[in-house]
Amino acid sequence: MTQPIKNPFPAPIRLLGIQKNRRAITVLSMVFLLIAIVLAGSSQGTWALAAVIISMVLGIVLHFATRNIANAMNIITDERERSLRDHAHRIAYWVLSGILGGIFGLVAGFISTREAEKVLVLVKDLHRLEIQVLLLSFTAVFLGLPTAIIAWLEPDPLEDEETQFTRG
Amino acid sequence: MTMPQEPLNFKLSRVTPKWAFKQSARRFLVIAFFLVPFVAGTAAGYINSLWSLLFAPFAIVPIVCFLWLVGATGAGADSPDEYLDEREIAVRNEVYLNAFRILGAVIAFGFAVFTFFPDLPVGANNVFATLFPLAILLPTFTLAWTQPDPLEEA
């Protein structure tokens, strides 16, 4: 006869499995990212850097909460996880391509006009903390968006998965 | 009862020439999409006279290439779930995973160029204008590049 054993994961990690908690962390991470961008825009580089780091830490928590499905290779995922991973990337692609298309369009427009100098001045200032924070924010979005989407979509674990494990 | 109207991108499959369905032809079309306007635009820029208008018809080439690629892939990258079977949905979604990674590489390359070569020439807008549609078209290109040849009986 199979014996139920105690769930091996400690309570805080089990809480991450619940969808509403994952969604709350996702929203919090996005809010901190938005704060970072706003602070960088108002020349408060240090606070902006702090905000983007908090956002990235929350992103890492989401990676754990979703068991890093977004970056898992085919050989270690089952069919459902693979489907979820690819679906999340599809949504993330359309979100990012809008941002990227906008940036490329703006840059192409600026370079072809007399406003080119403004772009070049901005680019030459890459050593500025505010610009680095903006680049870091974009990197955080790129690396974390599929995970955030999975964290949002993945339903609550089944009752028996959450409360008891069976041996045998 | 009215029949649902066939989407436009499915109609493209019927007007696409048969040779374009082969994988090698699709890859050729992807390369031509980028290469032809780049070479024609650069050459026209160097001539810098009315003779450069001779290169204007080459602007049609990327449009034709893209329409044929959509037709040759059966619009698999852009179709909604209701028009695809389970296998096609899986293939389409995997295409987006690869496209996402390629897009990431392009962004990283762009940042690297800006960081190490901040003094871009004014003509650099041609390159950005070529890259501008990439974000929209990349899934179709990825599917066209990776999809194997159609089966013999198909």
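The values are calculated or read from the model by the stated rules, or taken from the named source; none is laboratory data. From a predicted model like this one, the values you see are computed outputs, not experimental measurements. Cβ placement follows ideal geometry from the backbone for every residue including glycine, while neighbour counts extend to all protein chains displayed. Remember, those area values only see protein heavy atoms, side chains included, never the ligands or the DNA or RNA. Shrake-Rupley method; radii C 1.70, N 1.55, O 1.52, S 1.80 Å.
The residue that is farthest from the other protein chains (Cβ to nearest Cβ), among those in segment B:66-82 that are of a type outside the set (Gly, Ala, Ser) and under 18 Å from B:Pro150 (Cβ atoms), is B:Trp68.
Residue count for segment B:49-89 satisfying the condition of being open to solvent by less than 60 Å² (accessible area, probe 1.4 Å), farther than 26 Å from B:Trp19 by Cα and modelled with pLDDT of 85 or more: 0.
Only one of the listed residues (A:Leu28, A:Leu39, A:Leu58) is open to solvent by less than 40 Å² (accessible area, probe 1.4 Å), at pLDDT 90 or above and part of a helix (DSSP H, G or I). That residue is A:Leu58. Across segment B:103-154, the number of residues qualifying as among the aliphatic types (A, V, I, L, M), open to solvent by 90 Å² or more (accessible area, probe 1.4 Å) and either modelled with pLDDT of 70 or more or part of a loop (DSSP other than H, G, I, E, B) (or both) comes to 3. Using beta carbons and a limit of 6 Å, which pairs, at least six apart or on different chains, have the first residue in segment A:75-91 and within 9 Å of another protein chain (Cβ to nearest Cβ) and the second one open to solvent by 30 Å² or more (accessible area, probe 1.4 Å) and part of a helix (DSSP H, G or I)? Matching pairs, first to second residue: A:Asp86/B:Glu94. When segment A:26-42 is filtered for residues that are farther than 16 Å from A:Val133 by Cβ and among the polar types (S, T, N, Q), only A:Thr26 remains. Within segment A:68-125, the set of residues being at pLDDT below 85, open to solvent by 30 Å² or more (accessible area, probe 1.4 Å), of a type outside the set (Val, Ile, Thr) and closer than 19 Å to A:Leu143 by Cβ comprises A:Gly98 only.
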